[in-house]
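See structure below.
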Amino acid sequence: GAQIALMNPGGVRADLTFAQKGSEGDGVVTYGEAFDVQPFNNLMGVVTLTGAQLDALLEQQWTSAGEKILQPSATLNFTIDRGRPVGDRVSGITVDGTPVDPSATYRVAANSFLLDGGDGFTVFTEGTDKVLGPIDLDVFIAYMETNSPISRPTLNRISGR
């Protein structure tokens, strides 16, 4: 029932490399190649956040120690402005093209590391109706099997400077 998904930048450890179909290979991603990308065996989970909490969560991408930009699903778009003060850098948040309502609720998928507040994303711990499921690598592999062939996504989810 997730409407959006987020991945911490350290949760993806490598580019997904594989032998492209045609010239040198069959285009199949092996288990080892998928494991190189996502080797932690976190559980996948879903939590409910309000729109205000989602905004606050996205603002946690910046701290005095630097930035950690979350990797959003295709359903989530937002604009960042690094020239604005920390805590006020995110605007224009939409889910499926609709502006986020601060009082509405949204089901957000993430790995258990993030849902437990990892990497300083403590707003996740304020979420409700938390449900944990299978290991994230297994979900990744199942997604690739179900949606094959997969095209490279458009990289327009985060705009700004």
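Tabulated values for the structure
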{"read-out": "Whole-Å semi-axes of the ellipsoid equivalent to the range 102-152 (Cα gyration tensor, √5λ, descending)", "value": "26, 14, 11"}
{"read-out": "Accessible-area value, Glu145, 1.4 Å probe, nucleic acids and ligands omitted, Å²", "value": "140 Å²"}
{"read-out": "Trypsin sites (Lys or Arg not before Pro) lying in DSSP loop within the range 44-104, provided at most 16 other Cβ fall within 10 Å", "value": "Lys68, Arg82"}
{"read-out": "Orientation-averaged projected area, Cα convex hull of the range 5-161 (nm²)", "value": "10.0 nm²"}
{"read-out": "Accessible area in square angstrom per residue, the chain, 1.4 angstrom probe", "value": "56 Å²"}
{"read-out": "Qualifying chymotrypsin sites (Phe, Trp or Tyr not before Pro) in the range 78-120, DSSP loop, other Cβ atoms within 10 Å at most 11", "value": "none"}
{"read-out": "The chain: most fluctuating residue of Val28, Val90, Val12 per GNM, C-alpha cutoff 10 Å", "value": "Val28"}
{"read-out": "Area accessible to solvent at Glu126, 1.4 Å probe radius, in Å²", "value": "100 Å²"}
{"read-out": "Per-q log10 I(q)/I(0), the range 51-140, q = 0.10, 0.17, 0.19 Å⁻¹ (Debye; single scatterer per alpha-carbon; no solvent)", "value": "-0.26, -0.78, -0.97"}
{"read-out": "Extended-chain gain in nm, criterion 0.36 nm per residue less alpha-carbon gap, Phe35 and Asp101", "value": "20.1 nm"}
{"read-out": "DSSP beta bridges in the chain [antiparallel fraction, %, rounded to 5]", "value": "80 percent"}
{"read-out": "Sulfur and carbon atoms: percent of accessible area, the chain [1.4 Å]", "value": "53 percent"}
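The values are calculated or read from the model by the stated rules, or taken from the named source; none is laboratory data. This structure is a prediction, so every number in the text was calculated from the model and none was measured. Here Cβ is always computed from backbone atoms with ideal geometry, including for glycine, and neighbour counts include all displayed protein chains. Heads up: the accessible areas ignore ligands, DNA and RNA and are worked out on the full protein's heavy atoms, side chains in. Shrake-Rupley method; radii C 1.70, N 1.55, O 1.52, S 1.80 Å.
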